[in-house]
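A quick write-up on the structure given underneath.
The values are calculated or read from the model by the stated rules, or taken from the named source; none is laboratory data. Because the structure is a prediction, the values reported are computed rather than measured. Heads up, the Cβs are rebuilt from the backbone with ideal geometry, glycines too, and the neighbour counts pull from every protein chain shown.
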Amino acid sequence: MAAELRAAVGAAHLLTDASVVASFESDWTGRFHGRARCVVRPADTTEVAEVMAAAARAKVPVCVQGGNTGLVGGSVPVDGAILLSTARLTALEPVESVSGQVTVGAGVTLAALQRHVRAEGYDFGVDFAARDSATLGGLVATNAGGERVLRYGTTRAQVLGIEAVLANGSIISRLSGLPKDNTGYHAMSLLTGSEGTLGIITRLRLRLVPLLTDRAVALVAVDDIAAALSLVRSVRNRMPSLEAAELFFADGLALVRDKTGLSAPFAETYPAYLVLECAGRTDPTEDLLEALADSDAVRDATVASDTRGRHLLWAYREAHTESINAAGVPVKLDVAVPLTALAETVASLPATISAACPTARPILFGHINEGNLHVNVLDATSEAEAVTDAVLRLVAAHGGSISAEHGVGRAKRAWLGLSRSPQEIAMMRAVKRGLDPDGLLNPGVLLDPA
């Protein structure tokens, strides 16, 4: 089999040395590990198809890895699998200005896409802090969300075409980018969010949005979740230019300041904070200032419209992830609840987590408009399963989802039934069997191995 893989990708891109392969065998959080038989780095769809065909003949599983920025173990190989890296699938085709679309390789990072399309007066509707590492293939495979869902929707809303390799090595390609095409099952929607279990995404046709360069960012202090929701609703109703609404709390701010050296944003400490960003073709600063001044929810606020000032205010939110990781290996959970249950869920989480692990230290932040919380639990790795179970059951009890934007992966597979009915899971299994009867693609991700 090694000879077939070498013929497919070239000797330089078949990695078998254990010390080299090891760098692909764990996720960036340090929680998940596997042992791959080798790493292959194909350069295009044809090479991916040749690798997959060889694996199918030998009935060897294939696990796919992009930027490896996921949180649920979905990009870590199972023991004995071929790990297929998308690192060389980096083609960036010219922006099609007339349609506002672009075709890119699955290994292109979000930051590289942003640079490419912004040079042509466009932008991409999804953004988040891991932009320099996260790849477009990974974004689509997990239906990533991020900071702009409020205005543009999740990654699924940006996908107009997909090229992918199926478990038998065959290629499906729909890259015409037609906004209207009602000819049967929508393969793009099926593959988006499938976490690499139905096919290996190699190329994407993406919808672009206008590049809006006039921006204003506010860091706002509030008393509680109710006040935060009231403020977001008020600003959103007044300002269609609202693009992001991010939530964090006093303990998270203290940790960020400790790890980054950032100064205190206000003279006093407050229970909760919002980062709000507005973007338009004209400067939204005055309108944002007026909206904040008219809200009783605001305890204190600072607004910036210059690039340096905006980045500084965003740093209080975006530095949460790196600061949490600098403090230890966290149990990281990505969940969502209805907005009507958000305040109660946030209030219940500390006691729920403490009951599962008394030494645990939870740090919360998230995308408030979608009720999406990132629950990071430090000093709890020894009780990771108990903490996960307690948090996910609390979320389910409030009618929420165990995975808002990072997927199910291997980490949450056992709890899928909290968010999906037995009938839905049976339907998923039937689709998986139909497209991957031998269970070769990302085995153990999303669904229990057959």
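May I ask you to say which residue of ALA301, ALA319 is over 23 Å from the mean Cα position of the chain (by Cα) and either surrounded by 19 or more Cβ atoms within 10 Å (Cβ to Cβ) or of a type in the set (Gly, Ala, Ser) (or both)?
After ruling out the rest, the residue left standing is ALA301.
When you scan segment 64-86, do you find a residue that is within 30 Å of ASP123 (Cα to Cα), part of a loop (DSSP other than H, G, I, E, B) and at pLDDT 95 or above, even just one?
yes
Of all residues in segment 1-19 being within 33 Å of the chain's Cα centre (by Cα) and among the charged types (D, E, K, R), which is surrounded by the most Cβ atoms within 10 Å (Cβ to Cβ)?
Step by step, filter segment 1-19, then rank; the result is ARG6.
Name the residue that is nearest to the chain's Cα centre (by Cα), counting only residues in segment 180-222 that are under 30 Å from VAL408 (Cβ atoms) and of a type in the set (D, E, K, R).
GLU195
Quick one: would you say VAL78 is under 20 Å from GLY409 (Cβ atoms), surrounded by 16 or more Cβ atoms within 10 Å (Cβ to Cβ) and among the β-branched types (Val, Ile, Thr)?
yes
Please return the ranges of helices (runs of 4 or more DSSP H) entirely within segment 331-450 where 1 or more residues are in contact with a strand residue (DSSP E or B) (Cβ under 6 Å, 6 or more places away or on another chain).
By residue number, 339-356, 384-397.
For GLU370, indicate whether it is charged (D, E, K, R), at pLDDT 95 or above and under 25 Å from ASN325 (Cβ atoms).
yes
Out of the residues in segment 386-425 that are closer than 18 Å to GLY328 by Cβ and modelled with pLDDT of 95 or more, state the one that is surrounded by the fewest Cβ atoms within 10 Å (Cβ to Cβ).
ALA386
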